[in-house]
1. I'd like to verify a number: residues in segment 122-171 that are basic (Lys, Arg) and at pLDDT below 95, how many?
2. Search segment 142-156 for residues that are farther than 11 Å from Ile217 by Cβ and in contact (Cβ under 8 Å) with a residue 60 or more places away in the chain and pair each with any residue that is in a helix (DSSP H, G or I) and small (Gly, Ala, Ser) when their beta-carbon atoms are under 8 Å apart and the residues are at least 6 apart or on different chains.
3. Would you be able to say whether some residue in segment 237-247 is within 27 Å of Ile155 (Cβ to Cβ), of a type outside the set (Ser, Thr, Tyr), touching a Gly at 6+ places or on another chain (Cβ under 8 Å) and not in a helix (DSSP H, G or I)?
4. Being within 17 Å of Ala26 (Cβ to Cβ) and either modelled with pLDDT of 95 or more or in contact with a His (Cβ under 9 Å, 6 or more places away or on another chain) (or both) narrows it down to one of Leu117, Leu103, so name that one.
5. Thr251 passes all but one of (1) in contact with a Leu (Cβ under 9 Å, 6 or more places away or on another chain); (2) at pLDDT below 95; (3) closer than 25 Å to Asp212 by Cβ; which number fails?
6. I need a count of the residues in segment 130-157 that are over 23 Å from Ala26 (Cα atoms) and surrounded by fewer than 18 Cβ atoms within 10 Å (Cβ to Cβ).
7. Of everything in segment 162-194, what is surrounded by fewer than 24 Cβ atoms within 10 Å (Cβ to Cβ), of a type in the set (Gly, Ala, Ser) and in a helix (DSSP H, G or I)? Give them in sequence order.
8. Look at segment 195-209 and say how many of its residues are closer than 16 Å to Thr156 by Cα, under 12 Å from the mean Cα position of the chain (by Cα) and not hydrophobic (A, V, I, L, M, F, W, C).
Amino acid sequence: MHTPDASAKHWVNRTPESVRPYLQLARLDRPVGYWLLALPGWVGLLLPCWLCRPGWEPLTSTLLWGALILIGAVAMRGAGCTYNDIVDRELDAQVERTKSRPLPSRRVNVRQAWVWLFAQVGLGFAVWLALPLAAKLIALGSLPLVAAYPFMKRITGFPQVWLGLTFNWAVLVAYSVKAGGLHPSVLLVYLGLAAWTVGYDTIYAMQDAEDDALVGIRSTALSFGGRVRLGVAVSYAISVALIIWGLQVSTDPRATYAAIPFAAHMAWQVWRLREDRALPLFKSNVWAAALLVAGLAVWVAV
């Protein structure tokens, strides 16, 4: 069994049935999520390269940290999704797209899900141990955000704002790995990436708007109503403005050119936005983030 928004051809769906539900709980059959978590971390690794250029670490060190961020993103995104599914198992059973998930379909019980959750947290903890002290402390700051997120859809019509603050925390952790602390520029970029998440997760939530309204799940897709396109456009505009502002706060304002491909991709999304295109447009945000990473990497290289 595979979930509707995952490819039936994904390698997870060829694994033994005894293993598959756990991989699906971790969303390994939907890699978009962990890339959307890891890529902001890679942005955070590149940002200090112009603020601390005379002493920034060699390329091999940056690549090593990038690999660790990806491993941590896979582990903690999987743990977060497992926790979210434990909390939301009764709601998921009432939504067409999510009722086939391992918990509502009873292929995994709650006790097994908790064990799997802690196994993934263990891998994330191993990555945390490798971080410098400042990055360790900043990483711990994400725990209240992660713990509270599943409940936001019950108490606010804008849970995507909370998700944005949670999902982009890696940019702060990664930045502090290289810079030893935080700078106003990275805080602005962090808020800009959070606004980007509000936009792309609104697109994602468009798929479930009718079912969510029936079962009482709140989202920006419902809050924006008939103005979803405008809501996404405003979120993306705020994102671009904050990221460019953050790059201008850096020692070299020319770095703002790195955000142009990222902004162009979001403009394309708004132009193409339609309910039947929601899932592919949401997934395309991996490329939007990759364009930002590439733009920053090119700037650093030259």
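The values are calculated or read from the model by the stated rules, or taken from the named source; none is laboratory data. This structure is a prediction, so every number in the text was calculated from the model and none was measured. All Cβ positions, glycine included, derive from the backbone under ideal geometry; neighbour counts span all protein chains shown.
1. The qualifying residues number 2.
2. Val146/Gly80; Tyr149/Gly80
3. no
4. Leu117
5. (3)
6. Residues of segment 130-157 that are over 23 Å from Ala26 (Cα atoms), as a first pass: 131-138, 155-157.
Those still in the list that are surrounded by fewer than 18 Cβ atoms within 10 Å (Cβ to Cβ) too: 132-134, 136-137, 155-157.
Number of matching residues: 8.
7. Across segment 162-194, the qualifying residues are Ala179, Ser185.
8. 1
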